[in-house]
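The values are calculated or read from the model by the stated rules, or taken from the named source; none is laboratory data. Quick caveat, the model's predicted, so the values are computed rather than measured. Using ideal geometry, Cβ is built from the backbone for each residue, glycine included, and neighbour counts are taken over all protein chains shown. Keep in mind that these areas ignore ligands, DNA and RNA; they rest on the heavy atoms of the full protein, side chains included. Shrake-Rupley method; radii C 1.70, N 1.55, O 1.52, S 1.80 Å.
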Amino acid sequence: MLLLYITLLMSFNTDVLIWIVGFVAIVVAGLLLWLQRHDHARLKAEMDMLDSLSKHNIEFDMVQKTMKLATWKIDVASLTVTFDSDYREYSTYAGSGKMSVKEFSMRIAPEDREFIHQCMRDMYEGRRDEYTVQYRYNPVGVDGYVWEESFCMVSQRNEGGEPLTIVGTSMCIDAQKRTEDELTEARNKAEESDRLKSAFLANISHEIRTPLNAIVGFSDILPMVSEEEEREHLLALIQENNHKLLHMIDDLVNISKLEAGIKPPKMEDFNLYMLLKEQADLHKLHHTNPNVEIQVMPCDGQLMLRSDRARVGEILNQYMLNALKFTDKGSVMLGYDMLGHDHIRIWVRDTGKGIPADKCSQIFEQFVKLDDFVPGTGLGLPISRLMAQSMNGQVGVDSQEGEGSTFWVELSVK
């Protein structure tokens, strides 16, 4: 065959031979050039794809880091959780990044565990393809529970459609939950404030109307009365209701100032025994029931207390008014007990009708009246509570129905 080819070439003249060889060379060169360009395009496409994947991975990692996500997958056959990455504030898993589903579920708060189990069963058994859930979780190395939110979905199934792999992401939402709790608390306070405002207006309008009606009514009758004794009686009733109205307005002003914190307490040293005696003497002058004795417990006449003397005196005054109002016979006594070295409990004890046990916790709330037939606005004890709180103290009552009550205020000695 080779000899035949050489003989054939020798039969052509030189020009034709050159032309044939050149044509073949051009075809071969063109083919080589096409192959080179094809390989170049393929290599460029592969490089672009690799660059795109690299860029995508970097962007994906950046998103995970920014959002502080953890990515994971569950192998349904082995019930194993594998964490591919974890950018949360705490590093939940170290080493292999694997743990059993059982170990994972035991770290979920008991209150949320059954709900999460049900979500997982729905996915394992093919009833749901995806879930978004919030739950409390105890990460490894962290004391207590944190709130997490997880999104998961089925990524692989077998030929029968049963899930093989579940993938998901998790993130800490503690800050979000705290914000939600703060907003809920603020909303509840606003609703309670609105309710109290409405109750306040309803109660105060009723309380003000009572003495005001008496003042207006008796004033209208007064010009028509000619007998001096009856006129004096009407004037006495008008004056009494004037005092009630002024006292009520004073109480309202005091409550407003105390709640707004306009006037802070004026701390000073004073003799506690002298303050107790002063209150006892004051109420002896105005109290007219001979069956009730007002006493001061024998105590140290030199004990000095550092607090706001005026506010402590007003608390005792409110306690005395309340005790004398509900005591028909027996005694009303003022005294104190030392609680350790740094606290003191000052009290007013009476032998009156007492307070039912289930009402003791309500007695210091505004406008609470246990007996609607006894005059009063229900503001005296709330004022005492606010005054005590302004001095970092607290108030309370110990009572037994039918045997009397002891109203007290606890204050710091220094």
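Quick rundown of the values:
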| item | result |
| --- | --- |
| Residue satisfying condition, being without any contact (Cβ under 8 Å) to a residue 24 or more places away in the chain and open to solvent by less than 80 Å² (accessible area, probe 1.4 Å), within set LEU222, LEU275 | LEU222 |
| Matching residues in the stretch 392-408 - criterion: being at pLDDT below 90 and of a type in the set (A, V, I, L, M, F, W, C) | none |
| Strands (runs of 3 or more DSSP E) within the stretch 69-141 that include 3 or more residues closer than 17 Å to ILE173 by Cβ and in contact with a Phe, Trp or Tyr (Cβ under 7 Å, 6 or more places away or on another chain) | 69-75, 130-137 |
| Close pairs from the stretch 293-306: first over 16 Å from TYR319 (Cβ atoms), partner open to solvent by 100 Å² or more (accessible area, probe 1.4 Å), Cβ under 6 Å, at least 6 apart | ARG306/LYS414 |
| Any pair with Cβ under 7 angstrom, 6 or more apart, that starts in the stretch 342-353 at a residue that is under 15 Å from ILE315 (Cβ atoms) and ends at one that is of a type in the set (Gly, Ala, Ser) | TRP347/GLY335; VAL348/ALA323; ARG349/GLY404 |
| Some residue of the stretch 182-200 being touching a strand residue (DSSP E or B) at 6+ places or on another chain (Cβ under 7 Å) and either open to solvent by 70 Å² or more (accessible area, probe 1.4 Å) or in a helix (DSSP H, G or I) (or both) | no |
| Any hit, the stretch 291-308, residues being modelled with pLDDT under 90, aliphatic (A, V, I, L, M), out of contact with any strand residue (DSSP E or B) (no Cβ under 6 Å at 6 or more places or on another chain) and open to solvent by 20 Å² or more (accessible area, probe 1.4 Å) | yes |
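Residue-wise test of (1) assigned to a helix (DSSP H, G or I); (2) farther than 25 Å from ILE363 by Cα; (3) among the basic types (Lys, Arg).
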site: ASN241; (1), (2), (3): yes, no, no
site: ILE255; (1), (2), (3): yes, no, no
site: GLN295; (1), (2), (3): no, no, no
site: PRO298; (1), (2), (3): no, yes, no
site: ASP337; (1), (2), (3): no, no, no
site: ARG345; (1), (2), (3): no, no, yes
